[in-house]
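Participant: Structure provided below as structure tokens; questions to follow.
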Amino acid sequence: MPNSHNRDKEENIKGSGAVKRRLVLLGVCASIAAYKACDIINNLRRGGIDVSVCMSKDADKFITPLLLQTLSANRVFKDMFEPAAEWDPLHISLAESADLVLVCPATSDIISRVACGLCDDLLSCVIASTKAPVFFAPAMNDAMYNNKILQANIDKLKRIGYNFIGPIKGRLACGREGIGHIAEASDIIKQVKARLK
């Protein structure tokens with residue numbers, strides 16, 4: 001249940017003066033780079049950070065919820081209207097439980113929908129509702145990344161306080177080298193941990 005996040009965070013306080021464990025909500029989008037989420041989850045958890053995963057509509061075409069659930073040791077969320085044992089607006093409880101939202105990989109679709117204020121799936125609703133810092137780690141073809149509309153949307157999000165990590169130049173799914181390759185996992189982890197401190 002989503003409420004368990006808040007209870008778990010409270011239970012992680014071991015006596016007075018102890019540091020509360022942080023929770024990163026990892027948004028995984030429909031991209032060939034979705035496999036990078038595995039490295040991100042493992043590295044964050046090794047660093048003492050809890051991870052909960054929220055998948056975009058078609059992300060499970062690239063990576064399975066079972067794999068992400070096993071690595072994160074938390075339920076994976078995808079369907080905003082999934083029946084629950086007790087009523088709780090899922091997008092709000094997820095938004096409030098997160099200390100940081102990391103969208104990795106972030107597609108052109110999710111970036112543009114957030115920039116336009118669209119909320120047509122669970123992940124976009126969480127991003128619209130959260131007061132936590134939001135980081136995007138874009139991954140896409142160089143032609144898509146260099147598209148003027150996407151660049152305008154990225155500039156807009158940066159101006160209002162959203163954060164971007166990468167992308168970098170590297171080998172793309174189409175086989176050529178270009179800008180759009182997802183940033184190195186180590187750089188993503190470094191920036192997330194720095195912000196959580």
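The values are calculated or read from the model by the stated rules, or taken from the named source; none is laboratory data. Model, not experiment: these values are computed from the prediction. A quick note on method: Cβ atoms are made from the backbone with ideal geometry, for glycine too, and the neighbour counts reach across all protein chains shown.
Participant: Can you tell me which of ALA132, ALA128, ALA183 is in contact (Cβ under 8 Å) with a residue 60 or more places away in the chain, among the small types (Gly, Ala, Ser) and either part of a strand (DSSP E or B) or within 18 Å of VAL28 (Cβ to Cβ) (or both)? Don't jump to the end; show me each part of the working.
Facilitator: Numbers: ALA128 fails: in contact (Cβ under 8 Å) with a residue 60 or more places away in the chain; ALA183 fails: in contact (Cβ under 8 Å) with a residue 60 or more places away in the chain.
Going through ALA132, ALA128, ALA183 in turn, just one is in contact (Cβ under 8 Å) with a residue 60 or more places away in the chain, among the small types (Gly, Ala, Ser) and either part of a strand (DSSP E or B) or within 18 Å of VAL28 (Cβ to Cβ) (or both): ALA132.
Participant: Let me ask something else about it. Which pairs do you get when a residue that is on the phi < 0 side of the Ramachandran plot and outside any helix (DSSP H, G or I), found in the range 151-163, comes within reach of a residue that is among the aliphatic types (A, V, I, L, M) and modelled with pLDDT of 95 or more, reach meaning Cβ atoms under 6 angstrom, with the pair 6+ apart or on two chains?
Facilitator: Here the result reads TYR162/VAL134, each pair linking the range 151-163 to a residue that is among the aliphatic types (A, V, I, L, M) and modelled with pLDDT of 95 or more.
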